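Here the structure is laid out as structure tokens; the discussion comes afterwards.
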Amino acid sequence: MSKEFYVLTSNDYHEGLKNNKLLGLRCKNCGQITCPPLPTCQWCGSTDLEKTELSGKGEILTFARVYVPPESFEPDYIVCLVRLDEGPTIMGRLDYDKDKASLKNGNASQDIIGMRVRLDHLVIPGDKFSAGERVMPLFKPI
Ligand SMILES: [Zn+2]
């Protein structure tokens, strides 16, 4: 494996998330952004990449409200796909509390598609299915 595969490791990416920094890769061949990190540009396949910090802002493309969660997760949360301002699409949780009506209209209807969001993060404790604590993008409405 050549050196360019280590421009941005998964560990670097997750450490960035813990500090609310969204790290991606800028392709020196086509100029597009890849996020989360991959060994090659997700748009053209080039390995000529450099690490870059993204704005963490974007809009919700789609979402799913999870009423029946996997073991060790609390029910009723929202997983969303966010198209980042820089181009790539990433998955994360949406900051949503049905009891606090944290969304603009108070519930998770189709109205939230297109809603502007910004990056935060969520730390999930380890369980029997994982190797330990995990961190994932958490998106908050702007
Ligand atoms: Zn490219």
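Filter the range 16-34 for residues that are within 13 Å of the ligand (Cβ to nearest atom) and either of a type in the set (A, V, I, L, M) or touching a residue at least 40 places away in the same chain (Cβ under 8 Å) (or both) and give the result.
Once the filter is applied, which keeps residues that are within 13 Å of the ligand (Cβ to nearest atom) and either of a type in the set (A, V, I, L, M) or touching a residue at least 40 places away in the same chain (Cβ under 8 Å) (or both), the range 16-34 yields GLY24, LEU25, GLN32, ILE33, THR34.
Output the residues belonging to the range 12-34 that are part of a loop (DSSP other than H, G, I, E, B) and under 15 Å from the mean Cα position of the chain (by Cα).
Answer for the range 12-34, where residues must be part of a loop (DSSP other than H, G, I, E, B) and under 15 Å from the mean Cα position of the chain (by Cα): ASN19, ASN20, LYS21.
Which ones in the range 32-84 are modelled with pLDDT under 90 and of a type in the set (Lys, Arg)?
Matches in the range 32-84: ARG65 only.
The values are calculated or read from the model by the stated rules, or taken from the named source; none is laboratory data. Predicted, not measured: the structure shown is a model, and the values here were computed from it. Here Cβ is always computed from backbone atoms with ideal geometry, including for glycine, and neighbour counts include all displayed protein chains.
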